[in-house]
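Engineer: Take a look at the following structure, please.
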Amino acid sequence: MRHLFLIDEQEVEAGLLPADTGYRLLLGDADIPVALADGRLTVAGRSEPVAVALEGDVAHVHLDGRAWRVEFVDAVERYAHTGHAGADDVIIAPMPGSVVAVNVAAGDSVAAGQVLLVIESMKLETAIKAPRAGTIDMVHVAAAATFNKGAPLVALAPATEG
Amino acid sequence: MPHFPFDTVLVANRGEIAARILRTVKRLGLKGAVVYHVADKGAPAIALADIAIEITGKTPVAAFLDGEQIIAAALKAGAGAVHPGYGFLSENAGFARAVAAAGIRFVGPEPAAIELMGDKVRARKFVADRGFPVAPSAIEDDDPASFVERARLVGTPLLIKPSAGGGGKGMRIVRDLGVLEEEIIRARSEGQRYFGDGRLYVERFVENPRHIEVQVMGDAHGTVIHLHERECSVQRRFQKIVEETPSPALTAQQRKQICETAAGIARAANYRNAGTVEFIYGAGEFFFLEMNTRLQVEHPVTEMITGLDLVEVQLRVAAGEKLDLAQDAVPSAGHAIELRLYAESPARGFVPTTGKVLALRLPQGVRVDSGITQGQSITTAFDPMLAKVIVHGATRAEAIAKGRAALRDLVLLGCETNAAFLDRLLADDAFAKGEVHTGTLDARPDIAAEPALTDDLKARLIAAAALSLRPVKDSADRIQPVHAAIGGWRSA
């Protein structure tokens, strides 16, 4: 699966796959063998020293004589987290992007897991699914609209007791 | 070991300067005491000191500016001397007097010299009256009727400034005396508009000026010597970033002249202890700018070429010893450069940055005066300077090469710094040729700009980040490459 990485706020979509030996990095059309061990990073056979420090989902990477901030944005995790938060029924954009399709309208009843929206970020399509059964309170975005990370996409009406 | 009439020195400062002073204090067999604010808990200076006394204030900075509290701490520590470092109370004549009144030696000049040089207008008049070069100037207040005539005598190019001005507002450069009068009228109206005050001041304008300063040292027996010059032209927001000695701008003759002028000014002011006479230099001319009555941030470059420990000299002079170094015997060996590591973002206009120091590796084999440690939080409570990297080479080119190697060896993760910017600056052709002036960074935004993120760099960065993050997420049992990545050098 491809994820979004923010390198000094610039978005890059990439994926990391386990391979027979080590890992492969999927970046654009490229499929690159990568490895990290004993403070050395190997990318496509080229090895160099690297230092990394983690802070939550942010990796601070020292490479080419400077430190870079690389933030890992896991679309599914963000989405799931937002959905399970409970206290807040607003589904928030996990990353900046644009709206590919809007499948629901205010007042619609939806089932848990139903696809509400499809969004796209850096050629990565993500289905925004209902975190629980309920009624759509408001759809904040229209098809083809663009949004920033953290923007409200869809709001569910508060769940009623019973 | 020299004998001192005090056995404990209190350092009234923080960060790299407190650590640096404490090292010398302890090397001389004296006890070191330091005041600290809780915002600096865990800082290296506190660990270095024999005695650390907490001070408090409305803000961390306010605590360091509270002279009474610092003197109380010095008395509590049994300190016979107070070293003020730089900044805070280092140029506060009232504090120097209060320290003396408490029966403690102030490691710095006499209060009268601090006062004289602290008043820029008075200092300039003092220097000019004794025949030393100050930029030709005229103040309208002195005699408004003759102002235009006096301004003419300043010569071109000249700079018209509102007397009440600041921040560059209402300033006009005149290169042709034919338009002087009308420019003065315009400037007066601008001054009135901006500051509600139309009074003016003119001075000779130095094109592409360079900032050159001379380290001086005086003792209580009337001896004043200079310890050569430093060039500090690379600045942003009037704050120095890179300092070096010798200045690449001066000929041997000019160097001698500027250094002797500085010593002469200090001698005229009956100057004692360490001080710095600052000059503006351009087109072969230099003019007195101001005198700083303290040890300065960039003193290590002077130490590198002279082989002296300036804090030791300061303590000896404060103890009443005579300077035992003849002017002609002050060494000037090789070339030294100081690089200031700041928590800031050069690409975003050098704005200060914050964060936690998650990993820190200081360059080896070169002098690093550092006030930070791993795990420390960098906040906006204090100045954003984190450390100074000081390199020395037989030649300027060798020093530049060592500086670049040291910067590339430096790893600080968790808080954005200007390290890569400093490396780009040292690599720049203009810097290599010594062709910099105080406006260079404004004129060359390309040096501050971040290079483009290439596909190759993206791949390497994401690989490093993803390989470090993913195994942590995948399984807690699996060996985590991130630990290997850091441990590889942390244990070194």
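Engineer: Out of A:Gly15, A:Gly28, which single residue is modelled with pLDDT of 80 or more and at positive phi?
Structural biologist: It is A:Gly28.
Engineer: If you don't mind, there's one more thing I want to ask. Restricting attention to the range B:443-464, and to residues there that are in contact (Cβ under 8 Å) with a residue 12 or more places away in the chain and in a helix (DSSP H, G or I), which single residue is surrounded by the most Cβ atoms within 10 Å (Cβ to Cβ)?
Structural biologist: B:Ala464
Engineer: Just one of B:Thr302, B:Thr353 is crowded, with 23+ Cβ neighbours inside 10 Å and either under 21 Å from B:Glu229 (Cα atoms) or under 21 Å from the mean Cα position of the chain (by Cα) (or both); which is it?
Structural biologist: Step by step, each of B:Thr302, B:Thr353 is checked, and only B:Thr302 is crowded, with 23+ Cβ neighbours inside 10 Å and either under 21 Å from B:Glu229 (Cα atoms) or under 21 Å from the mean Cα position of the chain (by Cα) (or both).
Engineer: Something else about it: Restricting attention to the range B:409-425, report how many residues are among the acidic types (Asp, Glu), surrounded by fewer than 24 Cβ atoms within 10 Å (Cβ to Cβ) and facing chain A (nearest Cβ under 8 Å). Talk me through it step by step, then tell me what you get.
Structural biologist: Pass one, the range B:409-425, residues among the acidic types (Asp, Glu): B:409, B:416, B:423.
With the extra rule that they be surrounded by fewer than 24 Cβ atoms within 10 Å (Cβ to Cβ), the set shrinks to B:409, B:423.
Filter again for facing chain A (nearest Cβ under 8 Å), leaving B:423.
Qualifying residue count, the range B:409-425: 1.
Engineer: Okay, moving on. Can you name the helices (runs of 4 or more DSSP H) wholly within the range B:39-155 that have at least 1 residues being among the aromatic types (Phe, Trp, Tyr), closer than 25 Å to B:Gln314 by Cβ and under 24 Å from the mean Cα position of the chain (by Cα)?
Structural biologist: Details: elements: B:44-48, B:60-64, B:67-77, B:93-101, B:111-118, B:120-129, B:147-154.
Helices (runs of 4 or more DSSP H) meeting the threshold: B:60-64, B:93-101.
Engineer: Take the residues of the range B:126-158 that are charged (D, E, K, R) and not assigned by the TED database to the domain that holds B:Ile185: which is surrounded by the fewest Cβ atoms within 10 Å (Cβ to Cβ)?
Structural biologist: B:Asp129
Engineer: Right, here's the next one. Hey, could you check the range B:173-192 for residues that are among the charged types (D, E, K, R) and surrounded by 15 or more Cβ atoms within 10 Å (Cβ to Cβ) and say which is modelled with the lowest pLDDT?
Structural biologist: B:Glu190
Engineer: So which residues in the range B:119-152 are polar (S, T, N, Q) and without any contact (Cβ under 8 Å) to a residue 24 or more places away in the chain?
Structural biologist: B:Ser146
Engineer: Ok, one more. For the range A:34-56, give me the residue count where each residue is more than 7 Å from chain B (Cβ to nearest Cβ), surrounded by 13 or more Cβ atoms within 10 Å (Cβ to Cβ) and closer than 17 Å to B:Leu469 by Cα.
Structural biologist: Here the count works out to 3.
Engineer: While we're on this one: What's the number of the condition A:Val99 fails, among (1) surrounded by fewer than 19 Cβ atoms within 10 Å (Cβ to Cβ); (2) free of Cβ contacts under 8 Å to residues at least 60 places away in the same chain?
Structural biologist: (1)
Engineer: If I ask for residues that are over 18 Å from A:Gly107 (Cβ atoms) and in a strand (DSSP E or B), which ones from the range A:129-162 would you list?
Structural biologist: If the condition is that a residue be over 18 Å from A:Gly107 (Cβ atoms) and in a strand (DSSP E or B), then A:Lys129, A:Thr146, A:Phe147 are the ones that fit.
Engineer: Condition (residue is under 17 Å from A:Val50 (Cβ atoms) and within 14 Å of chain A (Cβ to nearest Cβ)) applied to the range B:394-405: is it met by at least one residue?
Structural biologist: Taking every residue of the range B:394-405 in turn, none turns out to be under 17 Å from A:Val50 (Cβ atoms) and within 14 Å of chain A (Cβ to nearest Cβ).
Engineer: Looking at (1) more than 20 Å from B:Arg294 (Cβ to Cβ); (2) free of Cβ contacts under 8 Å to residues at least 24 places away in the same chain, which one does B:Ala43 not meet, given that it meets all the others?
Structural biologist: That leaves (2) as the condition not met.
Engineer: Name the one entry in B:Phe95, B:Phe88 that is on the phi > 0 side of the Ramachandran plot and outside the structural domain of B:Arg272 (by the TED database).
Structural biologist: B:Phe88
The values are calculated or read from the model by the stated rules, or taken from the named source; none is laboratory data. Because the structure is predicted, anything quoted here is derived from the model rather than measured. So basically every Cβ, Gly included, is an ideal-geometry build from the backbone, and we count neighbours across all protein chains shown.
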